[in-house]
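For reference, the structure discussed in these notes is given below.
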Amino acid sequence: MGKRLTAELLGTFWLVFGGCGSAILAAKFLDAQNLNVNYGIGLVGVAFAFGLTVLTMAYAIGHISGCHLNPAVSVGLCVGGRFPSKEVLPYIAAQIVGHGHQPNGLQHYSLLWFSISRHQYASPSFR
């Protein structure tokens, strides 16, 4: 059981780090003529980042823990009768701990705002 919980913890960490971390790179700036200039990876890049993080974890830990990565998946599998109910709470705890090692949303937003507001092409109303 410990090996599976560790795999879920690391998998959830990787999902939040790769997926949510990529959202910071999906920035849009305004140039001097107030035209949008895309310097980030954009929405498609974020979608690819989430997809690739789930794919890498499916291959890396899927055979160990089932690669749920999300409490909703664990609960859904339990309700559907495909996952033992006695293991749901430990899985959810491991997933929460794996997510908890990441900065929360406010810190992500603060980092994004700080990096954009200091950029030379940032909109004056954004500074």
Taking 0.36 nm per intervening residue step and subtracting the Cα-Cα distance, what contour gain separates ILE96 from ALA58 on full extension? 11.8 nm
What FRET efficiency comes out for VAL75 versus ALA47 if R0 is 30 angstrom and r is the Cβ-Cβ distance? Round to the nearest 0.05. 0.75
If I model a spin label at MET1 and ARG82 as a point 7 Å from the Cα along the Cα→Cβ vector, what separation in nanometres do I get? 2.3 nm
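Bear in mind that the values in this text are calculations on the coordinates, not laboratory data. Note that the coordinates shown come from a computational prediction; the quantities given were computed from them, not determined experimentally. Here the Cβ is made from the backbone with ideal geometry for all residues, glycine too, and neighbour counts use every protein chain on show.
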